[in-house]
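Following: one structure in C-alpha cells, then a few remarks.
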Amino acid sequence: MKLYKVISENLMAKDGGSFDYSKYVPKGEKKGKWTPKIKDISLCNVGYHVTPYWNMFLDNESNIIFEVECKGLIIEKGIGVVDKFVCESIRFVKQITPDFDKKMNTGNSNTGNWNTGDNNTGDSNTGFRNTGDNNTGDSNTGDSNTGNWNTSDSNTGNWNTGDSNTGNWNTGFRNTGFWNTGDRNTGDWNTGDSNTGFFNTITPEKILVFNGECDREIWNKYKKPNFIYFNLKEDYKKSFVESFEKTTKEDVELLVKLPNFDYKIFEEISGISKKMIMRKLK
C-alpha cells in the first residue's frame with residue numbers, strides 16, 4: 001500500500017499544523033531525511049498523519065503531494081473509508097505531480113472535485129461512477145464507502161442501502177452478514193435485529209455475556225466502562241491493555257459490575273488479569 005503526505009506550498013504542515021518540512025523534502029533523486037520521532041502517537045491527535053488517498057486532502061492545486069515511507073505506522077481498521085493513518089516518523093520518497101483539470105480531478109468526466117477515478121459527481125472519490133463523497137469503491141450514491149453499489153454511508157460491502165455494513169445486500173445497519181433487513185446481524189437473511197443465525201424474524205431476548213445468559217434489556221441498562229472502546233493498533237490485546245492502563249478506578253468498577261463478569265474470561269479476551277484489575281481498584 002502506497003502512502004502519501006499532503007503539505008502546503010511553503011512546505012509547512014496543513015490543517016493548522018506548524019511543522020516545517022523544508023529540511024526533509026527530497027533533493028533530486030535522493031530521498032529526504034527521516035523526520036524526528038514522535039512518541040505516544042494517536043490518530044487525529046499526535047503524530048505524523050499519512051493517507052492512501054491524497055486527493056481527499058487537497059485544498060487547492062498549490063498543495064504539494066509526496067509519496068512517503070513510515071516508521072511506527074498504526075493502521076486502524078474501521079467501517080467505510082479509512083482515509084488516514086498515524087506514524088512515528090516519515091520520509092519523503094518523491095513528489096507526486098498529478099495532471100489536474102479545472103476542478104482538481106485527475107480522472108475523466110467528473111463534475112465534482114478532487115476525484116482520481118472517472119464519472120464521479122461527488123467529491124474526493126478514488127473509485128468510479130460515484131455521486132457521493134469520499135468513496136473508494138464504485139457506483140456509490142452515499143458517502144465513505146469502500147464497497148460498490150451502495151446507496152447509504154460507510155459500507156465496506158456491496159449493494160447495501162443501510163449504513164455501516166461490512167456484508168452485502170443489507171438494508172439495515174451495522175450488519176456483517178448478508179441479505180439482512182434488520183440491524184446488527186452477523187448471520188444471513190434476518191429481518192430481526194442482533195441475530196447471529198439465519199432466517200430469523202425476531203430479536204432474541206437472551207444474549208450471552210461472559211459465556212452466560214443475560215436478558216438483553218438488563219444488559220442494555222448497564223453503563224459500560226469507557227476503556228473497552230479503544231483504538232485498535234497492530235496487536236488486539238496490547239491495545240486493550242494500553243486503554244486499561246490509562247483508565248480510572250471508577251471506570252474499572254463499572255467493568256466488574258457487568259452481568260456475569262468473570263476474571264478468567266475477561267483475561268482470555270483482553271490480556272488484563274485479575275491482579276491488574278485489583279491494582280486499579282485500590
**Message:** I'd like to know if the range 239-259 contains one or more residues that are in contact with a Cys (Cβ under 6 Å, 6 or more places away or on another chain) and either of a type outside the set (Ser, Thr, Tyr) or at negative phi (or both).
**Reply:** yes
**Request:** Would you check if Thr97 is farther than 18 Å from Val6 by Cα and either at pLDDT 95 or above or not hydrophobic (A, V, I, L, M, F, W, C) (or both)?
**Result:** no
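Do we have Lys237 as basic (Lys, Arg) and within 27 Å of the chain's Cα centre (by Cα) here?
yes
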**Item:** Number of the exception - Asn10 against (1) without any contact (Cβ under 8 Å) to a residue 60 or more places away in the chain; (2) crowded, with 19+ Cβ neighbours inside 10 Å
**Value:** (2)
**Message:** Which count do you get for residues in the range 215-253 that are exposed (fewer than 13 other Cβ atoms within 10 Å of the Cβ), in a loop (DSSP other than H, G, I, E, B), among the charged types (D, E, K, R) and modelled with pLDDT under 90?
**Reply:** 2
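Restricting to the range 75-115, count the residues that are assigned to a loop (DSSP other than H, G, I, E, B) and either more than 18 Å from Gly47 (Cα to Cα) or touching a Pro at 6+ places or on another chain (Cβ under 9 Å) (or both). Step through it out loud before you land on a result.
First pass over the range 75-115, keeping only residues assigned to a loop (DSSP other than H, G, I, E, B): 75-84, 88, 97-115.
Retained after the next criterion (residues that are either more than 18 Å from Gly47 (Cα to Cα) or touching a Pro at 6+ places or on another chain (Cβ under 9 Å) (or both)): 78-84, 97-115.
Total meeting the criteria: 26.
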**Fill in**
Taking the range 254-279 and keeping residues small (Gly, Ala, Ser) and in a helix (DSSP H, G or I) leaves Ser270
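Please determine, by comparing only the residues of the range 38-73 that are in a loop (DSSP other than H, G, I, E, B), of a type in the set (S, T, N, Q) and farther than 17 Å from Asn231 by Cα, which one is farthest from the chain's Cα centre (by Cα).
Of the range 38-73, the ones in a loop (DSSP other than H, G, I, E, B) are 38-41, 43-45, 47, 52-53, 58-63, 72-73.
Add one more test, that the residue is of a type in the set (S, T, N, Q), and what stays is 45, 60, 62-63.
Narrowing further to those that are farther than 17 Å from Asn231 by Cα: 60, 62-63.
Details: Asn60: 25, Ser62: 28, Asn63: 25 Å.
Taking the candidates together, the pick is Ser62.
Surrounded by fewer than 21 Cβ atoms within 10 Å (Cβ to Cβ), in contact (Cβ under 8 Å) with a residue 12 or more places away in the chain and over 27 Å from Tyr263 (Cα atoms), is that true of Asp193?
On the way: surrounded by fewer than 21 Cβ atoms within 10 Å (Cβ to Cβ): yes; in contact (Cβ under 8 Å) with a residue 12 or more places away in the chain: yes; over 27 Å from Tyr263 (Cα atoms): yes.
For Asp193, the condition - surrounded by fewer than 21 Cβ atoms within 10 Å (Cβ to Cβ), in contact (Cβ under 8 Å) with a residue 12 or more places away in the chain and over 27 Å from Tyr263 (Cα atoms) - is met.
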**Asked** Filter the range 18-51 for residues that are among the small types (Gly, Ala, Ser) and farther than 27 Å from Glu242 by Cα; which is modelled with the lowest pLDDT?
**Response** Ser18
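When the range 108-146 is examined, which residues are found to be among the small types (Gly, Ala, Ser) and within 25 Å of Gly78 (Cβ to Cβ)? Steps first, answer last, please.
First pass over the range 108-146, keeping only residues among the small types (Gly, Ala, Ser): 109, 112, 117, 122, 124, 127, 132, 137, 139, 142, 144.
Across the range 108-146, the qualifying residues are Gly112, Gly117, Gly122, Ser124, Gly127, Gly132, Gly137, Ser139, Gly142, Ser144.
Mind listing whichever residues of the range 74-103 are acidic (Asp, Glu) and over 25 Å from the mean Cα position of the chain (by Cα)? Before the answer, list the steps.
Of all residues in the range 74-103, those acidic (Asp, Glu) come to 76, 83, 88, 99, 101.
Hits for the range 74-103 are Asp99, Asp101.
The values are calculated or read from the model by the stated rules, or taken from the named source; none is laboratory data. What you see is a predicted model; the values in this text were computed from it and never measured. With ideal geometry, Cβ positions are generated from the backbone for all residues, glycine too; neighbour counts draw on all protein chains shown.
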